[in-house]
1. Considering segment 81-128 alone, what residues qualify as being charged (D, E, K, R) and within 17 Å of the chain's Cα centre (by Cα)?
2. Quick one: count up the residues across segment 34-55 that are modelled with pLDDT of 95 or more, among the small types (G, A, S) and surrounded by 12 or more Cβ atoms within 10 Å (Cβ to Cβ).
3. Before we move on, is I47 out of contact with any Pro (no Cβ under 9 Å at 6 or more places or on another chain) and assigned by TED's automatic domain parsing to the domain that holds Y24?
4. Can you tell me which residue in segment 77-96 is farthest from Q3 (Cα to Cα), limited to those that are loosely packed, with under 12 Cβ neighbours inside 10 Å and among the hydrophobic types (A, V, I, L, M, F, W, C)?
5. What's the number of the only condition in (1) of a type outside the set (S, T, Y); (2) touching a Ser or Thr at 6+ places or on another chain (Cβ under 8 Å); (3) over 23 Å from A100 (Cβ atoms); (4) at pLDDT below 95 that G68 fails to meet?
6. Tally time: how many residues in segment 76-92 are farther than 19 Å from V106 by Cβ and in contact with a strand residue (DSSP E or B) (Cβ under 7 Å, 6 or more places away or on another chain)?
Amino acid sequence: MPQHGTVVWTELETWDVDAAKDFYADTLGWTYQSMPMEDPDGGIYWIIMSGETRVGGLYQLQSPQFDGIPAHWFTFIEVDDIDARLALVEAAGGEIKRPAFDVPGVGRIAIVKDASGAVVGWVTSSEG
């Protein structure tokens, strides 16, 4: 399992997946593997590959959920016990933007706004 407090994943959330994929393929040599997302819109989640190494993900922002949000990179930090850590957020001046939810084969994830206003994902990875 990843170590508590370490950055474990990053993903590009964009309105133009094709332009982003082309840009990073042309400049960094990245390739992509598609993975169906388990959402009602049936979108595709793209695993970003640098050679044989998974380095992140990429997916399409969609209206109306993301209206007004520009394309951006989003980071996930490993936490040892997501539910216990979430219990500390409000007292530390933060806000839980999306309560913990399970992602099969990945782990338990939540979205948190820190005391400075920055938003980040926390994840307690599944074993294996």
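The values are calculated or read from the model by the stated rules, or taken from the named source; none is laboratory data. Fair warning: this is a prediction, and the values are worked out from it, not measured in the lab. All Cβ positions, even for glycine, are placed from backbone atoms using ideal geometry, and neighbour counts span all protein chains on display.
1. Just the residues of segment 81-128 that are charged (D, E, K, R), to begin with: 81, 83, 85, 90, 95, 97-98, 102, 108, 113-114, 127.
K97, R98, D102, R108, K113, D114 - these are the residues of segment 81-128 that are charged (D, E, K, R) and within 17 Å of the chain's Cα centre (by Cα).
2. So the answer is 1.
3. Numbers: out of contact with any Pro (no Cβ under 9 Å at 6 or more places or on another chain): yes; assigned by TED's automatic domain parsing to the domain that holds Y24: yes.
Criteria met by I47.
4. Only one residue tops the list, namely A91.
5. Of everything listed in (1) of a type outside the set (S, T, Y); (2) touching a Ser or Thr at 6+ places or on another chain (Cβ under 8 Å); (3) over 23 Å from A100 (Cβ atoms); (4) at pLDDT below 95, G68 misses just condition (2).
6. 1
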